[in-house]
Structures are given as structure tokens and as C-alpha cells.
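Trainee: Below is the structure I would like to discuss, written out as C-alpha cells.
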Amino acid sequence: MLGRKAEFKDRREAGRRLAAELGHLKEERPVVLALPRGGVPVALEVARALSAPLDLLMVRKLGAPGHSELGIGAVVDGKDPQLVLNDEAMEIIRPSSDYVGAEMERQLTEIERRRAAYFAKHSPTPVAGRVVVLVDDGIATGGTVRVALKALRRSSATRVVLAIPVAPRDALDSLHDDADEVICLAAPAEFHAVGLHYENFDQTSDEEVIRCLQEAREWQPEVE
């Protein structure tokens, strides 16, 4: 990337360019889900262009007993929260079902707290029977996105589309089996970090997330 111009000015510009590639979905009345926090400004522009509801999809790692940094799976919020377990980690650690259940509830409580901070009393947007567009500001390894896609596969969405500005080609290739369609604007062979592909990649604050969600309410249709 040294001496090379960044692909995107900022997240909103990336979102507008991404939206231009998603126009074919507008008539399908999709739901746009952002991975917070960095994915929210990108997803705002996508939702605006598609006149679609904008919501968040929050993913929380389930930590192993006594080693919270070691993930045994993850829980993904939604009207019907989904548990996605890491089969390899579960086989090695073999936590009890009681532990997994309690850890899932703990992480769901944290998701609920964060959702309340962003949305007040807003409930997750139902996705059953809808086309879902999952948006982030970029992919490094693809771990979080993969968990989110697997959960959406179980949610009775009619179609799941992954839309991202930039990702390494190998990570991108590994996600095609988990989505019905993948839209990515840039997949450079030489990839070091998502932020290097933006001129401005300042951290997205909670306040900006809230502003984006409020802005989306100006056109957001009622979800049936």
C-alpha cells in the first residue's frame, strides 16, 4: 500500500459506491444489517439507496471456562438469537451444556444492553422471509462475518447477501459458501489491514452509530 492511493475516502463514500452495485436488490425490499460499529456508516448509505430498514447485527464471542479470550462459539442477536459453536474448540474443551447455556445468556444480556444504548426500546428487525444484506466496512480474517452469515442462514431469510468494500481474496473466497451473493469492491492480492484502504478510518463512536440509526429513520419503512 505504500505510495498507493487508498480505494475509499471514508466509510460513507465506500457505502455509496457499494450501494451502486446493489441496485438490483431494491425491488426485493431487503433488510440491511450492519456489523457495529465500523459497518454502520457504510450500511447507512446502502440502506438509503435501497430505501431499506437499517438494523444492527451484533455478534458476541462465547469464552471458554476460565479462558474468556478463547472462543468456543458465538451468539448472534436477532428476533431469534442464534448460537454458532466452534466444533473444534468444543471437542477439545468439552464444556458442560450448563456452562454453554449460561455463557450464552451472559452474552445475550450484553447484546441487549448495547442494543438499548443504540436503539432505546427498538426490537431487532425480523428477517424471516426477507432478503438480508449484511454490511461491514471491510474484512480482515472473516471470522466475525462468517459467524454472522451462518446465523443468518438459520434465520429463515430468503436470501443472504454479503456486501463489503474491501477484503483479502483468500478470506473472501472462503465466505462464498455462507452467502447467496457476495459483493466486494476491492480484493487486492496484497492486503495488510482494512484501514489502509481508507483515507479516513477513524474509529466509529457510539454517538456516530446512534446518529446513523436516527438518520435512517427518516426513510425507514414500517417492517411488516
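Residue-wise test of (1) part of a strand (DSSP E or B); (2) among the polar types (S, T, N, Q); (3) free of Cβ contacts under 8 Å to residues at least 12 places away in the same chain.
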site	(1), (2), (3)
Ala163	yes, no, no
Asp173	no, no, yes
Asp177	no, no, yes
Ala189	no, no, no
Leu196	no, no, no
Thr204	no, yes, no
Glu208	no, no, no
Gln214	no, yes, yes
Glu218	no, no, yes
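Trainee: List the pairs whose first member sits in region 56-84 and is more than 21 Å from Gly39 (Cβ to Cβ), whose second member is crowded, with 18+ Cβ neighbours inside 10 Å and polar (S, T, N, Q), and whose Cβ atoms are under 8 Å apart, counting only residues at least 6 apart or on separate chains?
Mentor: Close Cβ pairs satisfying both conditions: Leu62/Gln107; Ile72/Asn86; Gly73/Asn86; Asp80/Ser155.
Trainee: Across region 103-138, what is the number of residues that are hydrophobic (A, V, I, L, M, F, W, C), assigned to a helix (DSSP H, G or I) and surrounded by 14 or more Cβ atoms within 10 Å (Cβ to Cβ)?
Mentor: Applying the first criterion (hydrophobic (A, V, I, L, M, F, W, C)) to region 103-138 yields 104, 108, 111, 116-117, 119-120, 127-128, 131-135.
Going one step further and asking which of them are assigned to a helix (DSSP H, G or I), we end up with 104, 108, 111, 116-117, 119.
Of the ones still in play, those that are also surrounded by 14 or more Cβ atoms within 10 Å (Cβ to Cβ) are 104, 108, 111, 119.
Here the count works out to 4.
Trainee: Continuing with this model, one more query. Among the candidates Glu27, Glu45, single out the residue that is within 18 Å of Ile183 (Cα to Cα) and either crowded, with 18+ Cβ neighbours inside 10 Å or touching a Pro at 6+ places or on another chain (Cβ under 7 Å) (or both).
Mentor: Numbers: Glu27 fails: either crowded, with 18+ Cβ neighbours inside 10 Å or touching a Pro at 6+ places or on another chain (Cβ under 7 Å) (or both).
The conditions single out Glu45.
Trainee: Do we find that Gly142 is within 19 Å of Lys5 (Cα to Cα), surrounded by 18 or more Cβ atoms within 10 Å (Cβ to Cβ) and not basic (Lys, Arg) in this structure? Full working, then the answer.
Mentor: On the way: within 19 Å of Lys5 (Cα to Cα): no; surrounded by 18 or more Cβ atoms within 10 Å (Cβ to Cβ): yes; not basic (Lys, Arg): yes.
Here the answer is no, as Gly142 does not meet what is asked.
Trainee: So which of Leu85, Leu54 is over 29 Å from Ala14 (Cα atoms) and in contact with a strand residue (DSSP E or B) (Cβ under 6 Å, 6 or more places away or on another chain)?
Mentor: Leu85
None of the figures in this text is laboratory data; all of them are computed from the coordinates on show. This is a predicted model, so every value here is computed, not measured. With ideal geometry, Cβ positions are generated from the backbone for all residues, glycine too; neighbour counts draw on all protein chains shown.
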